[in-house]
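S.K.: Have a look at this one before I ask anything.
The values are calculated or read from the model by the stated rules, or taken from the named source; none is laboratory data. Since this is a predicted model, take the numbers as computed values, not measurements. Here the Cβ is made from the backbone with ideal geometry for all residues, glycine too, and neighbour counts use every protein chain on show. In case anyone asks, the SASA skips ligands and DNA or RNA and just uses the protein heavy atoms, side chains included. Shrake-Rupley method; radii C 1.70, N 1.55, O 1.52, S 1.80 Å.
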Amino acid sequence: MPRRFLLVIVLLLCGPALAHDYEKGGIHIADPWTPAPIGMAKVMAGYFEIISMKETPDRLVGARSAQADRVELHGHSEVDGVMRMRPVEAVEINPFGGAELEPGGLHLMIMGLTQKVEAGDRIPVTLIFEQAGEIEIKLTVKPRE
């Protein structure tokens, strides 16, 4: 059974008990996290899973954070054998589908951090969906391995 469908079942059974998951307008955000920045870096990536419990499509079209100058949606693509990171206009969310923002794939680029970030912190981010509207989440800062 695909991971996202198992997660939907878990959400239906114990959704309120999951402190680091968020839901609004039929869109569920699971396990938002970011690796701790290296040294005094002012940029970091954000990852999470988007699960749609809606009968209609939606799109993640933007994001922002009070702790950064800007937040962009990014993806990776291979150009002439070299992986490159590029901004994307939106992340498509199919009905009863989803998208995974993960290392090496789609992700948030959080740039111009306005304060020091350390493992254990939780970074507020507002995700902007075309249909579901704005969803406030917090990225858990995980230590680098």
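S.K.: Rounded, prolate or oblate: which fits segment 68-116 when a ≥ b ≥ c are the square roots of the eigenvalues of the alpha-carbon gyration tensor, with rounded for a/c under 1.5 and prolate only if a/b beats b/c?
M.R.: Judged from the Cα gyration tensor, segment 68-116 comes out oblate (a/c at least 1.5, b/c at or above a/b).
S.K.: Something else now. Karplus couplings for segment 125-141 from phi (6.51 cos²θ - 1.76 cosθ + 1.60, θ = phi - 60°), rounded to Hz, Gly and Pro as x?
M.R.: For segment 125-141, the Karplus curve yields 9, 9, 8, 10, 9, 4, 9, 6, x, 9, 10, 7, 10, 10, 7, 7, 7 Hz.
S.K.: Using a 7 Å offset from the Cα along the Cα-to-Cβ direction at both residue 38 and residue 77, what is the distance between the two label points in nm, to one decimal?
M.R.: 2.6
S.K.: Report in % the part of the accessible area of the chain that belongs to carbon and sulfur, leaving out ligands and nucleic acids; probe 1.4 Å.
M.R.: 54
S.K.: Quick check on packing: order 72-80, 136-144, 23-31 by the mean number of other C-beta atoms within 10 Å, highest mean leading.
M.R.: 23-31, 136-144, 72-80
S.K.: Hey, what do the phi angles of segment 66-75 turn into as Karplus ³J(HN,Hα) couplings, whole Hz, using 6.51/-1.76/1.60 and θ = phi - 60°, x for Gly and Pro?
M.R.: Result, ordered by residue: 5, 9, 8, 5, 7, 10, 10, 8, 10, x Hz.
S.K.: By how many degrees, 0 to 90 and rounded to 10, does the Cα axis of helix 3-14 deviate from the longest principal axis of the chain?
M.R.: Tilt of helix 3-14: around 70 degrees.
S.K.: If the chain between residue 118 and residue 88 were fully stretched, how many nm would it gain, using 0.36 nm times the residue separation less the Cα-Cα distance?
M.R.: 8.0 nm
S.K.: Please compute the per residue accessible area over segment 14-83 with all protein chains in place, 1.4 Å probe, rounded to a whole number of Å².
M.R.: Per-residue accessible area for segment 14-83 comes out at 50 Å².
S.K.: Moving on to the next point. For the chain, how many pairs of lysine residues have a Cα-Cα distance under 24 Å, where the two are 8 or more positions apart or belong to different chains?
M.R.: Within the chain, the lysine pair count is 8.
S.K.: What does the C-alpha gyration tensor say about the overall shape of segment 49-140? Classify as rounded when a/c is under 1.5, otherwise prolate if a/b is larger than b/c, or oblate.
M.R.: oblate
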